[in-house]
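Below you'll find the structure, written out as structure tokens, and then a few comments.
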């Protein structure tokens, strides 16, 4: 089964478990700016594409999303990444289509 997770901010469910916890973890990873988690400064996505043209920023973010999810949430497999562009703010919000990695049973 496939799921789409967006990088838009959302409430945290501290009691999440199973699939809901995995989806929440993915959302947290793709919506966290690297350097903002006090005891894990490498957590999240860097801002390397911050001043780059949109196409370059999007390509860099795509690579970072895939790498971060492979490292931090190995229970999922990335199928596709698309973006919502907020032009006036110059923001990219990723939407990641994922599925549970092969062999993962919840």
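Coordinate-derived values only; no laboratory data. Values in this document were obtained by computation on a predicted structure and should not be read as measured data. Cβ: placed from backbone, ideal geometry, glycine included. Neighbour counts: every protein chain shown.
Before moving on, here are some points about what is shown:
- When the test is whether a residue is without any contact (Cβ under 8 Å) to a residue 12 or more places away in the chain and either on the phi > 0 side of the Ramachandran plot or surrounded by 11 or more Cβ atoms within 10 Å (Cβ to Cβ) (or both), residue 65 does not pass it.
- Candidates in segment 71-94 are the residues that are out of contact with any strand residue (DSSP E or B) (no Cβ under 8 Å at 6 or more places or on another chain) and exposed (fewer than 12 other Cβ atoms within 10 Å of the Cβ); of these, the one that is farthest from residue 47 (Cα to Cα) is 74.
- Odd one out for residue 20, checked against (1) out of contact with any helix residue (DSSP H, G or I) (no Cβ under 9 Å at 6 or more places or on another chain); (2) in a strand (DSSP E or B): (2)
- Selection of segment 20-60 for residues being surrounded by fewer than 14 Cβ atoms within 10 Å (Cβ to Cβ), within 16 Å of residue 78 (Cα to Cα) and touching a residue at least 12 places away in the same chain (Cβ under 8 Å) yields an empty set.
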